[in-house]
1. If I filter the stretch B:89-97 for residues that are more than 16 Å from DNA strand C (Cβ to nearest atom) and in contact (Cβ under 8 Å) with a residue 12 or more places away in the chain, do I get at least one hit?
2. If you check every pair at least six apart or on different chains, which have Cβ atoms under 7 Å apart with a residue in the stretch B:56-76 that is under 14 Å from B:V21 (Cα atoms) first and a residue that is basic (K, R) and modelled with pLDDT of 95 or more second?
3. List every residue pair whose Cβ atoms sit under 8 Å apart, with the two residues 6 or more apart in sequence or on different chains, where the first one lies in the stretch B:15-31 and is more than 16 Å from DNA strand C (Cβ to nearest atom) and among the charged types (D, E, K, R) and the second, anywhere, is modelled with pLDDT under 95 and open to solvent by 60 Å² or more (accessible area, probe 1.4 Å).
4. Considering only residues that are open to solvent by 70 Å² or more (accessible area, probe 1.4 Å) and closer than 25 Å to A:T82 by Cβ, which ones fall in the stretch A:16-37?
5. B:L10 is checked against (1) open to solvent by less than 30 Å² (accessible area, probe 1.4 Å); (2) away from DNA strand D (no atom under 13 Å from the Cβ) and fails just one. What number does that condition carry?
6. Which residue out of B:V62, B:V26 is closer than 17 Å to B:L10 by Cα and modelled with pLDDT under 95?
7. Give the number of residues within the stretch B:40-56 that are in a loop (DSSP other than H, G, I, E, B) and more than 8 Å from DNA strand C (Cβ to nearest atom).
8. Quickly run through the stretch A:38-52 and pick out the residues that are without any contact (Cβ under 8 Å) to a residue 12 or more places away in the chain, open to solvent by 20 Å² or more (accessible area, probe 1.4 Å) and more than 19 Å from the chain's Cα centre (by Cα).
2 protein chains.
Amino acid sequence: MKSADAIVCLSALGQEGRLAVFRLLVKAGPDGLPAGKIARRLDVLPNSLSANLNVLANAGLVASRREGRSIIYTADFAAMSTLLNFLMADCCNGAPEVCAPLAGVVSSAAACCPPVKVKAPTRKKVSA
Amino acid sequence: MKSADAIVCLSALGQEGRLAVFRLLVKAGPDGLPAGKIARRLDVLPNSLSANLNVLANAGLVASRREGRSIIYTADFAAMSTLLNFLMADCCNGAPEVCAPLAGVVSSAAACCPPVKVKAPTRKKVSA
DNA sequence: TTCATACTTCGATATTCGTGGAAATATCGA
DNA sequence: TCGATATTTCCACGAATATCGAAGTATGAA
């Protein structure tokens, strides 16, 4: 993931309305929600919501499909994963103790996601 | 973490200059970097950098300490961890396979951070 | 066709944000 | 004290962004 892509994602999520939409879609899971229902649940105007959904879609964080008159939006978990990985990259070059606080992320993620066989740590060398 | 706090963090990181600064500080580790060195490395004006550092500090993502004439900035890994946890919250209510893509985050984090026996840290405490 | 529903796009406005010049503050050495 | 270095604050301006009404497009039903 390029830094520019991350910026698009982060600034997309860094706004009240859009973060609320995204989190709602994350909770909704793969079935997603139609735009109208999102607007009603969050009590926002449909055109404002549409603009925000566009920003999220542009960032690749949500996908959409038409179903009859409705357009169903879903969170893109893979994109989310890519973003999180980007944010965690280079966090402790050669010094694991440095990012020990991030261990909490690991445990909570482990509690949430299926267990994964951990590969041998490939630690990058620091080029300061 | 409140949603409002997450928005402050995300929008702070969702800008080219600030993301570059933050990532540089993350790589720099706990020793951090003086503002002047950051400005020279990223080739930005010192006042622009100062404004951006203010935004990051306001979001709690960086801390600063004075050292002689310099002011040293460091990334706050705990804040980063809190943000990541917030983003991963509620990602798979009752359906673990939903966020399987996020498993990649877990494995890469495990490769980076200390072993996941988070209950009681086996490593010795690091003193700066 | 005609109408109603579900969303989106357009256009204007108000606000926020990023940038850079100039001045101010803080620290240190002579 | 004076001057140099390091960084911040102040201020103004152009660009980007959020918001909202109004109009437009797509779908399905009568």
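The values are calculated or read from the model by the stated rules, or taken from the named source; none is laboratory data. Predicted model only: the values in this text are computed from it and were never measured. Note: ideal-geometry Cβ built from the backbone for every residue, glycine included; neighbour counts use all protein chains shown. SASA here: full protein model, heavy atoms, side chains in, ligands and nucleic acids out. Shrake-Rupley method; radii C 1.70, N 1.55, O 1.52, S 1.80 Å.
1. no
2. Correct list of pairs: B:L56/B:R18; B:I72/B:R65.
3. Once the first residue is more than 16 Å from DNA strand C (Cβ to nearest atom) and among the charged types (D, E, K, R) and sits in the stretch B:15-31, its partners that are modelled with pLDDT under 95 and open to solvent by 60 Å² or more (accessible area, probe 1.4 Å) give B:K27/A:V126; B:K27/A:A128.
4. Answer for the stretch A:16-37, where residues must be open to solvent by 70 Å² or more (accessible area, probe 1.4 Å) and closer than 25 Å to A:T82 by Cβ: A:E16, A:K27, A:P30, A:D31.
5. (2) is the only condition that B:L10 fails.
6. Working: B:V62 fails: modelled with pLDDT under 95.
Exactly one residue qualifies, and that residue is B:V26.
7. So in the stretch B:40-56, the residues in a loop (DSSP other than H, G, I, E, B) come out as B:43-45.
Now narrow it down to the ones that are more than 8 Å from DNA strand C (Cβ to nearest atom): B:43.
Number of matching residues: 1.
8. A:R40, A:D43, A:L45, A:P46, A:N47, listed by residue number.
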